[in-house]
Amino acid sequence: MSDVVQALVAASGLSERDVRTIIATAPSRYKTYSIPKRRGGERIISQPAREVKFLQRIIVEEILSRLPVHDAAMAYREGRSIRDNAAVHAGGGAILKFDFADFFPSIKADDWAAYCRRHSVFKDVDDIRLSANLLFRRTKYGSVLRLAIGAPSSPHLSNILMREFDQRVTEAVAKEKVKYTRYADDLTFSAKRAHNLIGIERVLRRIIREVASPHLRLNEDKTVLATRKYRRVVTGLVLADDGKVSLGRDRKRDIRAALHHYALGQLNGHETARLSGLLAFVNAIEPEFLERLVDKYGPAVIERIKARLPPTANCQQPHDPIIEFKFRE
């Protein structure tokens, strides 16, 4: 029995026949739908069938979690967050940002196969084919197996297969005293002085051409250069001039307004649940701001929001003006 099948049988409790049947049909067993992007357009999500997803999670635990990932990769890793990604660049001056186009779908089963052969991931070459079949999706009218947005294994695979790229970029830009991180398809570079970033795009494009696998391309519409004179944002968080990572004034204003409306009893259950999630986000990113909210509204109000309960009578602060607000993504 192959090592992949054996691991799946042992961890799932399924028979070898059932495991092999799921693997054989996995590339076509996805439900595809679209969701709107924040800045226009649509994102295609492909959710694997429940049995496929179950086996993919086992592969993550038994195989993918043991494969190395570069330190520059900040997304999809336990103990790391968007705050950690932004904090790397908080002490710098200028930042330069790039974005990959169609990141997950650009990563193919052939890239995984090449990686497995190069690093001797499996003893049996047939395990490469079996694992690829389970981990990659075939589009309705296509024949190429691609990484799916929506599969639990895709984030881990992307970090593994981007290790060589991350290594080469990190080493190349370090010579220019530039820091580099990658959060999924978002690439961020920072330097104390803007002139250190002048040649980074050329270096980046050269490495993209030279790295044989995976074959990626930049989104030409999303290159951003920002200095200390301008608002510097990394993975949605603001780099403050004092070197700290901040939620930003706009998001703080929205949260204050939402809290005020909650105190007036003007939020429904869904909006209260979203506010509860926002407060958890605040605590992870800028806990000192949450402390100020607790001081203003009282710990009882904050705890009721966290529990997603309606406000008690007379919990609003006196003389607070009515503030218009909308939840900011």
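The values are calculated or read from the model by the stated rules, or taken from the named source; none is laboratory data. As the structure is a computational prediction, the values presented were derived from the model and not from experiment. Because the Cβ atoms are built from the backbone with ideal geometry, glycine has one as well, and the counts that use them run over all protein chains shown. For accessibility, only protein heavy atoms count, side chains too; no ligands or nucleic acids. Shrake-Rupley method; radii C 1.70, N 1.55, O 1.52, S 1.80 Å.
For segment 205-245, taking the residues that are farther than 15 Å from Phe98 by Cα and surrounded by 19 or more Cβ atoms within 10 Å (Cβ to Cβ), the one that is nearest to the chain's Cα centre (by Cα) is identified as Leu237.
Taking residues in segment 39-50 that are under 15 Å from Ser28 (Cα atoms), and partners anywhere that are surrounded by fewer than 10 Cβ atoms within 10 Å (Cβ to Cβ) and modelled with pLDDT of 85 or more, the pairs with Cβ atoms closer than 9 Å and at least 6 places apart or on different chains are Ile45/Ile35.
For segment 117-132, name all the residues that are surrounded by fewer than 19 Cβ atoms within 10 Å (Cβ to Cβ), out of contact with any Lys or Arg (no Cβ under 9 Å at 6 or more places or on another chain) and closer than 22 Å to Thr25 by Cα. Within segment 117-132, Phe122, Asp124, Asp126, Arg129 meet the criteria. For segment 185-204, the tally of residues that are in a loop (DSSP other than H, G, I, E, B) and either of a type in the set (Lys, Arg) or surrounded by 19 or more Cβ atoms within 10 Å (Cβ to Cβ) (or both) stands at 3. For segment 77-98, the criterion of a residue being of a type in the set (Ser, Thr, Tyr) and either open to solvent by less than 10 Å² (accessible area, probe 1.4 Å) or in contact with a Ser or Thr (Cβ under 8 Å, 6 or more places away or on another chain) (or both) is satisfied by no position. Filter segment 291-300 down to the residues that are over 19 Å from Val245 (Cα atoms) and in a helix (DSSP H, G or I), then identify the one that is most open to solvent (accessible area, probe 1.4 Å). Filtering first and then ranking leaves Asp295.
Just to be sure, is Ala257 of a type in the set (A, V, I, L, M), surrounded by fewer than 14 Cβ atoms within 10 Å (Cβ to Cβ) and in a helix (DSSP H, G or I)? Against the criterion (of a type in the set (A, V, I, L, M), surrounded by fewer than 14 Cβ atoms within 10 Å (Cβ to Cβ) and in a helix (DSSP H, G or I)), Ala257 does not qualify.
Residues that are among the hydroxyl-bearing types (Ser, Thr, Tyr) and either under 18 Å from Arg292 (Cβ atoms) or modelled with pLDDT of 95 or more (or both) within segment 261-275 comprise just one, Tyr262.
The single condition among (1) touching a Pro at 6+ places or on another chain (Cβ under 8 Å); (2) in a loop (DSSP other than H, G, I, E, B); (3) open to solvent by less than 30 Å² (accessible area, probe 1.4 Å) that Asp111 does not meet is (2). Exactly one residue among Glu303, Glu288 is modelled with pLDDT of 50 or more and either open to solvent by 80 Å² or more (accessible area, probe 1.4 Å) or part of a loop (DSSP other than H, G, I, E, B) (or both), and that residue is Glu303.
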